[in-house]
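The values are calculated or read from the model by the stated rules, or taken from the named source; none is laboratory data. All of these numbers come straight from a predicted model, not from anything done at the bench. Backbone-built Cβ (ideal geometry, glycine too); neighbour counts: all protein chains shown. The accessibility values were calculated without ligands, DNA or RNA, using every heavy atom of the protein model including side chains. Shrake-Rupley method; radii C 1.70, N 1.55, O 1.52, S 1.80 Å.
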Amino acid sequence: MVESLLVFAVALSVHAVVWDRFSWCALALAIQAFYVQFKWDRLLQQGGAVFQFRGAANSGLLPASMVIPLLGVVMKERCRAAGIVYFERFGVVVASTGMLLALFLSVLAVGITKPMPTNTCILTGVAGSVIVYTMKHSLTVSEVIEVLEVLLIFVYLSMILLYLLPRCFTPGEALLVLGGVSFVLNQLIKRSLNVVEGRGDPTDFLLLVAVVGVVLLGLFFTVFFIFMDSGTWISSMFFHMMTAVLGLGVIMPWLYRLIQRNPVFWLLQFLFQTQTRLYLLVYWTFLAASACGVVFYQNAKRSSESKKHQASTITRKYFHLIVVATYVPGLIYDRQLLYVAAVLCLAVFIFLEYVRYFRIKPFGQTLRHLLSLFLDERDSGPLILTHIYLLLGMSLPVWLFPRSCAPKGTLPGAGALVPYSGVLAVGVGDTIASVFGSTMGEIKWPGTKKTFEGTMTAVFAQIIAVALILIFDSSVNLNASYAWILASVSLVSLLEAYTTQIDNLLLPLYLQIMLMA
């Protein structure tokens, strides 16, 4: 209930600043998602939710349902203020798509609930009517087709991935992850069919191709290894061979068509373009080696008598500190390089997870042993996703920053902190809350294991971090929007205390929405 109230507070705060016809839709969607969320929770408890979702968490439908619509609304408003019509319309499409995906998930929950909940059905029907009516008067025919395409991709991806990957997601996490992948796939198809030489940023195309490429790679091998054992040398050789074939024969030509130049030469020229980039790459290589060193050291400490020993919360937060040390210099000195490096790192992380999951020789079993030490209750499915969620939480504010609507490279006021949303919410806030809460916290928030002391120190630490950003990043000018920043940080820190969803993914998105508003 408190989590829902916090989500309502964020939604009302955003629409108090940005009020338009989509505000009515978002509020109607939030109210019906609040009611449907309890139906999903009951289905999860009774085991009647069609697919197997992650346990030890609620459905998360309400917080997830608000993310994409609110992100589209604030993006639309920022681009409208900058006079960029194309991206203003893009924000409208994002908001409409998010609402339709959330409504579909709500209808699914209502449809499989027995007996049929009459009041919830009425609320869902009213919310659906408001959303469809607004879309009819806000979208062009081509935009409506685009929204429906994303919905269709989402339906098929949900049926396939939720069946193949049981207990990896809650319904809300599935909405965010699969909705995002569906949108990326649709954008890639759209841009591939309408290639105009010299139009579009190659870094954006790299993100689209990388995400779609690794997802298609995973789907291909998941289906293939149903028919044969993936742990043999023959299967492993086939895995590596087909990865090279798909990479060089599909992904590279696809990227070449989009950027109109050799992807390898472009990437090498981009990475080593300036001396600053070379220094950053060397520094990041050192941090990556340090992270690997932590993994090997913690595994070396694990004795044969304590095979069930798991890494402590404080130990896992070492990686949060390493990620903060990685992202802050990139945000200050070269955000474009950070953008590309994060895309490449995501592709490597997902590829290594495939190697671990399929037990691909020679490193699959070793990765299983090394990473088992860092598992927690959120890794209840066959995939280990927490480290990927951490990378996504830090990178999404960088990837989703509306660069075309910020002519000077930054947004005015609190919007200047948008790229730092992941650093503030996860790297600083979540880390400090966990460390101080687990070591010194005594007063627990009602109904949770989180502590009052942890939340307050998280808020205080994020305010200090904002002050340091102001000192070291000359492009940030807050224009006296300190009260809004304090309210945003406080709401997101409270949400961290009460949410049972993956906070590494959810918190940066909510902080980004608040700062962009």
Boolean, residue 482 is under 28 Å from residue 407 (Cβ atoms) and hydroxyl-bearing (Ser, Thr, Tyr): yes
Qualifying residue in segment 215-227 (condition: within 30 Å of residue 325 (Cα to Cα) and within 27 Å of the chain's Cα centre (by Cα)): yes
From the options 328, 324, 294, residue that is at pLDDT below 90, part of a helix (DSSP H, G or I) and within 22 Å of residue 430 (Cβ to Cβ): 294
Within segment 161-210, considering residues that are among the aromatic types (Phe, Trp, Tyr) and open to solvent by less than 40 Å² (accessible area, probe 1.4 Å), the one farthest from residue 223 (Cα to Cα): 205
Hits in segment 275-292 - residues which are among the polar types (S, T, N, Q) and surrounded by 12 or more Cβ atoms within 10 Å (Cβ to Cβ): 276, 290
Filter result (at pLDDT below 90 and of a type in the set (Val, Ile, Thr)) within segment 210-242: 222, 223, 226, 232, 234
Residue, surrounded by the fewest Cβ atoms within 10 Å (Cβ to Cβ), within segment 327-340, restricted to residues that are hydroxyl-bearing (Ser, Thr, Tyr) and under 16 Å from residue 468 (Cβ atoms): 333
Test: residue 476 is among the aliphatic types (A, V, I, L, M) and either over 25 Å from the mean Cα position of the chain (by Cα) or assigned to a helix (DSSP H, G or I) (or both): no
Residue 46 more than 30 Å from residue 410 (Cα to Cα) and surrounded by fewer than 18 Cβ atoms within 10 Å (Cβ to Cβ): yes
Within segment 151-195, tally of residues that are over 27 Å from residue 4 (Cα atoms) and of a type in the set (A, V, I, L, M, F, W, C): 14
Residue selected from segment 225-274 under the condition farther than 25 Å from residue 335 by Cβ and polar (S, T, N, Q), by the criterion surrounded by the fewest Cβ atoms within 10 Å (Cβ to Cβ): 232
Set 366, 315: member being in a helix (DSSP H, G or I) and open to solvent by 50 Å² or more (accessible area, probe 1.4 Å): 366
Which listed residue is in a helix (DSSP H, G or I), in contact with a Leu (Cβ under 8 Å, 6 or more places away or on another chain), open to solvent by less than 10 Å² (accessible area, probe 1.4 Å) and within 18 Å of residue 412 (Cα to Cα), from 515, 507, 470, 495: 515
Qualifying residue in segment 414-426 (condition: under 15 Å from residue 516 (Cα atoms), of a type in the set (S, T, N, Q), touching a Pro at 6+ places or on another chain (Cβ under 9 Å) and modelled with pLDDT under 85): no
Residue ranges of helices (runs of 4 or more DSSP H) in segment 1-96 with at least 2 members on the phi > 0 side of the Ramachandran plot: none
Residues (surrounded by fewer than 23 Cβ atoms within 10 Å (Cβ to Cβ), modelled with pLDDT of 90 or more and closer than 26 Å to residue 381 by Cβ) located in segment 52-101: none
Condition broken by residue 457, with the remaining ones in (1) over 27 Å from residue 318 (Cβ atoms); (2) touching a helix residue (DSSP H, G or I) at 6+ places or on another chain (Cβ under 6 Å); (3) open to solvent by 10 Å² or more (accessible area, probe 1.4 Å); (4) part of a helix (DSSP H, G or I) satisfied: (1)
Residue 237 assigned to a loop (DSSP other than H, G, I, E, B) and either over 23 Å from residue 391 (Cβ atoms) or within 28 Å of the chain's Cα centre (by Cα) (or both): no
Residue pairs meeting the criteria (Cβ under 7 Å; at least 6 apart or on separate chains; first of a type in the set (Ser, Thr, Tyr), in segment 131-151; second loosely packed, with under 15 Cβ neighbours inside 10 Å): 134/21; 138/21
Condition met for residue 419 (more than 22 Å from the chain's Cα centre (by Cα) and either open to solvent by 20 Å² or more (accessible area, probe 1.4 Å) or under 27 Å from residue 339 (Cβ atoms) (or both)): no
Flag if residue 360 is in contact with a Phe, Trp or Tyr (Cβ under 9 Å, 6 or more places away or on another chain), without any contact (Cβ under 8 Å) to a residue 60 or more places away in the chain, farther than 22 Å from residue 472 by Cβ and not in a helix (DSSP H, G or I): no
Filter pass, residue 109 being in a helix (DSSP H, G or I), surrounded by 23 or more Cβ atoms within 10 Å (Cβ to Cβ) and either at pLDDT 90 or above or touching a strand residue (DSSP E or B) at 6+ places or on another chain (Cβ under 7 Å) (or both): no
In segment 427-447, the residues that are of a type in the set (Gly, Ala, Ser) and either under 12 Å from residue 516 (Cβ atoms) or open to solvent by 20 Å² or more (accessible area, probe 1.4 Å) (or both): 434, 438, 441, 447
